[in-house]
Amino acid sequence: MIFKHLTACLGIGARGVIGALMVGAALLPGVAQAADPVTLTFRFNDPEQKEMRAALDAFEKANPGIKVNLERMAWKDARDQFLREAAVGETPDVVHIAFVWAKEMGEAGALAPLDALIKAKPPGKGLSDFIAMDLATGKNGKVYALPWTTDTWAMVYRTDLLDQAGVKTLPTTWDDLRQASRDVHAKTGKTGFGFPAGSASSGSLWFLANYNWWSNGKALIVEKDKTFSVGVDKADVVGTMNYFKSYLDNGDTPKSMLGVSDWADPVIIRGLADGTIAIGIMPPASFREAINAYTAANPGKAAPFKSGPVPKGTTVGTSHLGGRMLGISATSKHPEEAWKLVQFLNDPSIFTGAYKSQFPAQRSLLQSVDFGPELKGFAEQLTHARTWGPYAEGPYAMGSMWNLTGRAFGAALSGQTSVDAAAGDLLTQIGKLNAGR
Amino acid sequence: MRGDRLFITVMLGPALIILALFYLWPMVENLRVSFTDLTLLRLRVGGQWIGLANYEEFITSPETGRLMMNTFIWLTAISVAVRLLLGLAIALIVNTPLVRHLRLATLARIAILVPWATPPVVAIIIWRWLLEAPNGALNSVLLALGLIDTPIAFLADLRTVWPSVIAIVVWNTVPLIALSLLASLQAVPADLYEAAELDGATRSAKFWHITLPFLKPTIVVLGLTSVFWTFNNFVYVWLATGAGPGTFTNVLATEIYIRSFVDFRLGYGAAIGIVMALIMAVFGYFYFRMIGRRQIEEVL
Amino acid sequence: MTLTSAPLNRDPDVTSHWHRRMFGRPGRLFEPLLILAGLLAILFALVYPMVFILLGSFKTQGGLLASATAFTWANYITLFTGGFGRFLVNSLVICVAATALSTLVSVNAAYVFSRFRFRGKGLIFGSVLFGQMFPWIVLVNPLFILLTQAGFTNSYTGMIFCYTAISIPFSVYMLTGYLATVPRELDEAALIDGASRYQVVWRIVFPVLMPGIVSTATYAFMLCWTEYLFALAFLTKPAVQTLPIGLYQLFGDDRADWGAVMAASVVTTIPTLLLFLPLQARLSSGLTAGAVK
C-alpha cells in the first residue's frame, strides 16, 4: 500500500506534490518577489559589489519606477548556472558574461536579441564605438550582448630584479623572455618567469599556449571559407609544450607552479609583491593587486614594477582581447527597463567610479582612460590584442578546448605523460570536438 | 490491523515522499538523460535518444581505467584505510589510562572536533596554503628540520599529489572515526581485561583478542559508510588539485563535473553517474550480505 | 558541566593501577613520554590548520600577500559590512530547520522500521539507504528543474526540503540502530496502559532515544552546514545564500581578498564548534550505540 501511495504521488506530478507538501512550510520566509513597479535582477560577478550597489542606488533614484537587485555568481560557475536557469526561465534580467559566451548563449535562446532595443535607443556613441562586436553577434546576424569592459594580458616585471640580473630591455620575443628568466634565476636565485602551469579546467596555460601559437602565425582553430579546422600540427604543439617545459626543467620557474592554475593565485601575487618572482603574465586587475600588496608592505616606497607587451605582442598581436559583456535574458519580463540599466552601466561615470578594475569596451572612452605609468604595457598591448574569432565562431566548444589544452599541457609539463603523447592526445581530442557538435 | 496500517502510512509517508521527490525522481530523470545526447546548451529543447552510446563511450574510453583506479584505490580504499587506522590510533591514545589520568581526554576530544567542524571548502583552502611551495608551513618545517633540501610542491608533484589529497580528506573526516571508536572503546567491559590479566595475557594479546573484536562492528560500519561518502565525493579532488596535474588525480566524480559542466555533455555525465550508482549498489549489496544482514534481521 | 561528567576520568581503579605502573617501576618512563608525544603530535595536527586561519584572519590580506603583520579587525569588518552576516543567518535558518525536519521524519520512519513487520519492508528500507550511494553531482540538474517548476529556487523552503532529503537516509539508518537498543517492553507496557501509538512514540520512546537523536541531528546539521553543490545552483540571491557560497564567492577570478577569506572561514567554522562543545560528551557515547549492536 505504501507503493500504491508512492505511485499515486508520482502520478500527480512533481509540482502538485511539492505544493501540497509545502503548505505547512509556506510560512517560512523566502525571497519576496515584490510586485511594485518593476524589479530587475542584475547579476554582476566582479568583486566591486559595494561600489556597484551604490551606482545602482543612483540609477534607482533617477528611475523611480525601477528597482534593481544585485546578485553575484562566481565566474567559474556563471556560465553553466545561467544556461541551466535559462532552460527553465528562472533567470536574472541582466547578466554579466564573458566575451566568448555571448554567441553560444544567444544561439541557445538564453539571451534576448538586442537589435530592436539598440535601434530604438542606441547605446553610448552608437554600436560602432564598441569593440568586439563580432563576438556579440550570432550567426544569424543578431546582436545578443553589448560589450561592456575589456582587458588583455600583458607581461609584468619587477624592475629591481631585472636590474640585478642585468636585463636592460624588456623582452620582445619568446627567446628574449626565456633568456631573461634564465638570467634572473642564475644571477638572483629568484624565480624568473612565474607563470601558472597548473592544469585546472579554466587554467592559464590555455592563454599562454595560444599566445605562443599566434606569435608563430598559427592558431589552434582556423577558418577558411566558413570551414573551421585545427590550425596547429603536432610539431607546433610539441614545440610550445617544450618551450614552457624548459622553464620548469631548468628551474627558473619552480615546479610548484604546476599546482597553480589561476593567474590571480596568491603565490603569484605575493611572489611579485615580495620580489621572489621577477616576471609574470596576467590581466591588469591582478597586476594592481600585486602593486597594492607591495605598497601595503612598503609604505612610501615607489613600486618597482613595469608592464610590457607579451612576446611579439605589438608586431603580430598575440594576446587575446578579453572582456565582459552585458546581456538581457530571453525570459526577462522587462527588457526595456533592462536595456535602460544596460545603458546606464555604459555611462562613462561607471568606469571612473564604481567599476575601475576593467577598461570600458567603448573606443571613445578607452582612449581617454588614464592607465598610469605601471599599466603602460597593458595600454600598449590592448591596442594589439586580437579577438578569439574562429575559436568562438566554429563548431569547437571553447570551454572544452580550454580544459583539454590545460590537461594536455599539465600532463606534459608535470611528466604525467611524454610531451609527444600529450601533444598527440590533445590534437585527437580537439579533433573529436568538431564531430561532436 | 487497520489501525497499524494507518499508523505505518502516517509515520513512514513523509520520509518516503521527500525521498521520492528529491532522490527517486531526479534519479529516474538522470537515468533517462543518460540515454540521450542532452547538452547544457540544449537543456531547453531536450536531447535526442541515443540508446547506450554514452555508456559505450565511457566503457571503451582509454581514460576509464585510470579513473577507476584513481577512484577505487587512491580516493576511496587508501583514504578510508588511513582514516580508520589513524582514527583507531587516536582513539587508543586518548583512551590510555595515562591520558585519562592527566585529564587530557576532554581537551583531546575538543581538539578532535575542530577538523570536523571545518567545512570541506575551508579545509581545502587551508591545506592548500599549508602545502604550498616554497613558503607553506609544511615546507618550512621540513626544510628547517633538514629533512628535505628543496621545497616540495605537494599538490603538483606526481609523487606527492595523491598522498596530499588523502591527507586533506583524512584530516577533515578522521574525527568522526576517532570519536566513534573512542565511544566503543569506553564500552569495552573492564572485567574482560581483568580476567585476561589474571590469565597472564600480554598487552598485544589483549588488544588482538579483546579490544579489536569488540571494535570490529563499529569499524566495519564506519568503514563502509565512509566508502560511500568518499567514493561519491567531488569537492576534495576538485578544489585541491582541479583533477591535475594533467588528469593525474581525475576521479569519477570530477569526470562527471568536467563532462557535464565544462563540456556541457549532460547525457554523458549522467551515464557516468548511473555507472557509479551501480557500482555502489553492488558494493552495498555485499555490505548488507556481510554485515548488514545480521543487523537488519536483529533490528527489523 | 557536561564535559567533565563524561565517564572518562572516573575510574579510580584503572587510574591508581596506572599510577603504580607509571611511577612505581623505573625504566618504563619512556612509554608515557611516547604516549604524550603522540598525543601532542595528533592534537597539533588536528588543530594547527585552524589556528593558522584564525591568526591570518587578523592580518592584512591574511598575512599571505603583505609582510605587514599588525593585528587588525579590518577583515571581519569588510566581511560583515559586505553582507556576510546575512549568509550566516541563512545558513542557520536553513540548517536548523532542515535538521529538525529530517530528524522528526526520520525518527518516525525508523520507529516503523524497528517495530513493525509489513510487506516490502526490506525493499523500502534498502531503497532509503540507497540514497547514500548516489553521487549528488548528477542530481543537480534534475533537482534544479524540479525546484524551479515548483517555484522553490531561491527560497528557504526548497533548500530545507533538499537538505532534509539528503540527511534522511543516514538518519534513518542510525536511528533504526539506536531504536533496537530501546526495549520493546517499554512500548508494550505503555500500550497496555492505554496510550496510543503516537503517544508511545512521543512520550515514551522519544525521551529514551534522546542521545541517539542528538547525535543523529548533529550529523544532519553538519551535512547541511558544509554542503555547497546544491546551494550553488539553487540559491543565487544574496538574501538566501548560505555560508559556503558566500565563502566561495570571495575568490574573485582576477583577485581575492585573502584576509576576508580567512575571516569567513573562521566565521563558518566557529558556530559548528560552539554547537558541538556542549554536545560532544553525549555525542561520542551515543554515537555507536546503534552500530555496535
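Name the single residue, out of those in segment B:75-132 being touching a helix residue (DSSP H, G or I) at 6+ places or on another chain (Cβ under 6 Å) and aromatic (Phe, Trp, Tyr), that is nearest to B:MET276 (Cα to Cα). Residue satisfying both the conditions and the ranking: B:TRP116. May I ask you to verify whether A:ARG270 is part of a helix (DSSP H, G or I), of a type in the set (D, E, K, R) and either out of contact with any His (no Cβ under 8 Å at 6 or more places or on another chain) or away from chain B (no Cβ under 14 Å) (or both)? When the stated conditions are applied, A:ARG270 passes them. Checked across segment A:374-385, the condition of being in contact (Cβ under 8 Å) with a residue 12 or more places away in the chain, closer than 25 Å to A:LYS139 by Cβ and more than 9 Å from chain B (Cβ to nearest Cβ) holds for at least one residue.
Scanning segment C:131-169 for residues that are in a helix (DSSP H, G or I) and either within 16 Å of C:ASN90 (Cα to Cα) or outside the structural domain of C:SER106 (by TED's automatic domain parsing) (or both) returns C:TYR156, C:THR157, C:GLY158, C:MET159, C:ILE160, C:PHE161, C:CYS162, C:TYR163, C:THR164.
Rundown of residues vs (1) touching a Pro at 6+ places or on another chain (Cβ under 6 Å); (2) closer than 24 Å to A:MET257 by Cβ; (3) of a type in the set (Ser, Thr, Tyr); (4) crowded, with 19+ Cβ neighbours inside 10 Å, yes/no style:
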{"position": "A:PRO395", "(1), (2), (3), (4)": "no, no, no, no"}
{"position": "A:GLY399", "(1), (2), (3), (4)": "no, yes, no, yes"}
{"position": "A:TRP402", "(1), (2), (3), (4)": "no, yes, no, yes"}
{"position": "A:VAL419", "(1), (2), (3), (4)": "no, yes, no, yes"}
{"position": "A:ASP425", "(1), (2), (3), (4)": "no, yes, no, yes"}
{"position": "A:THR428", "(1), (2), (3), (4)": "no, no, yes, no"}
{"position": "A:ASN434", "(1), (2), (3), (4)": "yes, no, no, no"}
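Does B:TRP171 satisfy the condition of being touching a residue at least 40 places away in the same chain (Cβ under 8 Å), closer than 24 Å to A:ALA200 by Cα and within 14 Å of chain A (Cβ to nearest Cβ)? In short, no. When C:LEU209, C:LEU274, C:LEU179 are screened for being free of Cβ contacts under 8 Å to residues at least 24 places away in the same chain and in the same structural domain as C:THR153 (by TED's automatic domain parsing), only C:LEU274 passes. Taken residue by residue, segment C:170-186 has at least one member that is among the hydrophobic types (A, V, I, L, M, F, W, C), surrounded by fewer than 24 Cβ atoms within 10 Å (Cβ to Cβ) and more than 12 Å from chain B (Cβ to nearest Cβ). Could you tell me whether any residue of segment B:200-210 is in contact with a Leu (Cβ under 8 Å, 6 or more places away or on another chain) and among the hydrophobic types (A, V, I, L, M, F, W, C)? Yes, there is a match, as at least one residue in segment B:200-210 is in contact with a Leu (Cβ under 8 Å, 6 or more places away or on another chain) and among the hydrophobic types (A, V, I, L, M, F, W, C). Here is a check on your reading of the model: is A:LEU366 away from chain B (no Cβ under 14 Å) and not charged (D, E, K, R)? Yes, satisfied.
Apart from one condition, B:VAL45 fits all of (1) buried (at least 21 other Cβ atoms within 10 Å of the Cβ); (2) more than 9 Å from chain C (Cβ to nearest Cβ); (3) free of Cβ contacts under 8 Å to residues at least 60 places away in the same chain; the exception is (1). C:PHE251 satisfies every condition listed in (1) within 14 Å of chain A (Cβ to nearest Cβ); (2) hydrophobic (A, V, I, L, M, F, W, C); (3) surrounded by fewer than 16 Cβ atoms within 10 Å (Cβ to Cβ) except (3). On the basis of being more than 22 Å from the chain's Cα centre (by Cα), closer than 18 Å to A:LEU177 by Cα and either assigned by TED's automatic domain parsing to the domain that holds A:ASP160 or free of Cβ contacts under 8 Å to residues at least 40 places away in the same chain (or both), does A:ALA278 make the cut? Here the answer is yes, as A:ALA278 does meet what is asked. Quick check on segment B:146-163. Is at least one of its residues in contact (Cβ under 8 Å) with a residue 40 or more places away in the chain, buried (at least 22 other Cβ atoms within 10 Å of the Cβ) and part of a helix (DSSP H, G or I)? Checked against the condition, which is being in contact (Cβ under 8 Å) with a residue 40 or more places away in the chain, buried (at least 22 other Cβ atoms within 10 Å of the Cβ) and part of a helix (DSSP H, G or I), segment B:146-163 yields at least one hit. For residues in segment B:14-41 being more than 7 Å from every other protein chain (Cβ to nearest Cβ) and in a helix (DSSP H, G or I), which is nearest to the chain's Cα centre (by Cα)? In this case the residue turns out to be B:LEU24. Beta carbons closer than 7 Å, at least 6 apart along the sequence or on distinct chains, pair a first residue in segment B:106-133 that is more than 7 Å from every other protein chain (Cβ to nearest Cβ) with a second that is among the aromatic types (Phe, Trp, Tyr) and assigned to a loop (DSSP other than H, G, I, E, B) for B:LEU131/B:PHE154.
None of C:MET159, C:MET133 is within 7 Å of another protein chain (Cβ to nearest Cβ) and surrounded by 22 or more Cβ atoms within 10 Å (Cβ to Cβ) except C:MET133. Within segment B:48-71, can you find the residues that are surrounded by fewer than 20 Cβ atoms within 10 Å (Cβ to Cβ), over 16 Å from B:THR247 (Cα atoms) and of a type outside the set (Gly, Ala, Ser)? Passing the criteria: B:GLN48, B:TRP49, B:ILE50, B:LEU52, B:TYR55, B:GLU56, B:GLU57, B:ILE59, B:THR60. Kindly indicate whether A:SER261 is over 30 Å from A:ARG363 (Cα atoms), surrounded by fewer than 20 Cβ atoms within 10 Å (Cβ to Cβ) and in contact (Cβ under 8 Å) with a residue 40 or more places away in the chain. Considered against the rule, which asks whether it is over 30 Å from A:ARG363 (Cα atoms), surrounded by fewer than 20 Cβ atoms within 10 Å (Cβ to Cβ) and in contact (Cβ under 8 Å) with a residue 40 or more places away in the chain, A:SER261 comes out as no. The criterion of at least 3 residues that are touching a residue at least 12 places away in the same chain (Cβ under 8 Å) and closer than 22 Å to C:PRO244 by Cβ is met by the following helices (runs of 4 or more DSSP H) wholly inside segment B:197-283: B:212-231, B:235-241, B:252-257.
Residues of segment A:68-75 include at least one that is in the same structural domain as A:SER332 (by TED's automatic domain parsing), buried (at least 22 other Cβ atoms within 10 Å of the Cβ), modelled with pLDDT under 95 and not aliphatic (A, V, I, L, M). Of the helices (runs of 4 or more DSSP H) contained entirely in segment A:286-361, those carrying at least 3 residues that are at pLDDT 90 or above and within 23 Å of the chain's Cα centre (by Cα) fall at A:335-345, A:348-352. Sort out which residues of segment B:168-196 are part of a helix (DSSP H, G or I) and out of contact with any Leu (no Cβ under 8 Å at 6 or more places or on another chain), and write them in order of number. If the condition is that a residue be part of a helix (DSSP H, G or I) and out of contact with any Leu (no Cβ under 8 Å at 6 or more places or on another chain), then B:ILE168, B:ASN172, B:THR173, B:LEU182, B:ALA187, B:ALA190, B:ASP191, B:LEU192, B:TYR193, B:GLU194, B:ALA195, B:ALA196 are the ones that fit.
The values are calculated or read from the model by the stated rules, or taken from the named source; none is laboratory data. Since this is a predicted model, take the numbers as computed values, not measurements. Every residue, glycine among them, receives a Cβ derived from its backbone with ideal geometry; neighbour counts consider all protein chains shown.
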